Amino acid sequence: MSEFKFCPQCRTELAPIVMEEAGGPKERMRCPACGWTHWNNPTPVLAAIVEYHGQVLLARNAAWTRRMFALITGFMEAGETPEEGIQREIQEETSLHTESLDLVGVYDFKRMNQVIITWHAVCDGNIRLSPELIEYKLYDLPDLRCWQAGTGYALADWLRSRGHQPVFMDAA
């Protein structure tokens, strides 16, 4: 349920405690000694459908054991806007610069307790992957296959907006 096991204020072990909140009673990990609450709110994640010379760039994370490719994603840094954050992530992970950026949508990813903010980014430059990514592929729109999770739904919505009926991969 939570990565917090102990209170960061007084070091007491947290416990699942039900308290009345605005929306009714809610169980959260709370400190029985000082009352500190771990809210466990979703983390915002930034994602980009990177269009490069008319194709879509999907990349494979070096930490993944399966040979799967996905959108460019990352976390916001303190003090930056979501738009600045996704442009930074694209540049850091691919060395590409963003020429235009359009919001595709916002998607839940409950399994990871995340909210994914996705853009379509038209990019240019020379692709050089960061050590975080091991390889990339460029796809023509009809060849893209969507996955049944947050960024896969974003890709499907974007394909529909371009007049393409998305095709989903079989769940593995």
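The values are calculated or read from the model by the stated rules, or taken from the named source; none is laboratory data. Values in this document were obtained by computation on a predicted structure and should not be read as measured data. A quick note on method: Cβ atoms are made from the backbone with ideal geometry, for glycine too, and the neighbour counts reach across all protein chains shown. Heads up: the accessible areas ignore ligands, DNA and RNA and are worked out on the full protein's heavy atoms, side chains in. Shrake-Rupley method; radii C 1.70, N 1.55, O 1.52, S 1.80 Å.
A few points about this structure:
- Just one of the listed residues (G79, G85) is at pLDDT 95 or above, outside any strand (DSSP E or B), out of contact with any Pro (no Cβ under 8 Å at 6 or more places or on another chain) and on the phi > 0 side of the Ramachandran plot, and it is G79.
- Number of the condition not met by F75 [criteria: (1) open to solvent by 80 Å² or more (accessible area, probe 1.4 Å); (2) of a type in the set (A, V, I, L, M, F, W, C); (3) closer than 16 Å to R128 by Cβ]: (3)
- Filter result for L155 (open to solvent by less than 90 Å² (accessible area, probe 1.4 Å), hydrophobic (A, V, I, L, M, F, W, C) and either farther than 21 Å from P44 by Cβ or in contact with a helix residue (DSSP H, G or I) (Cβ under 8 Å, 6 or more places away or on another chain) (or both)): no
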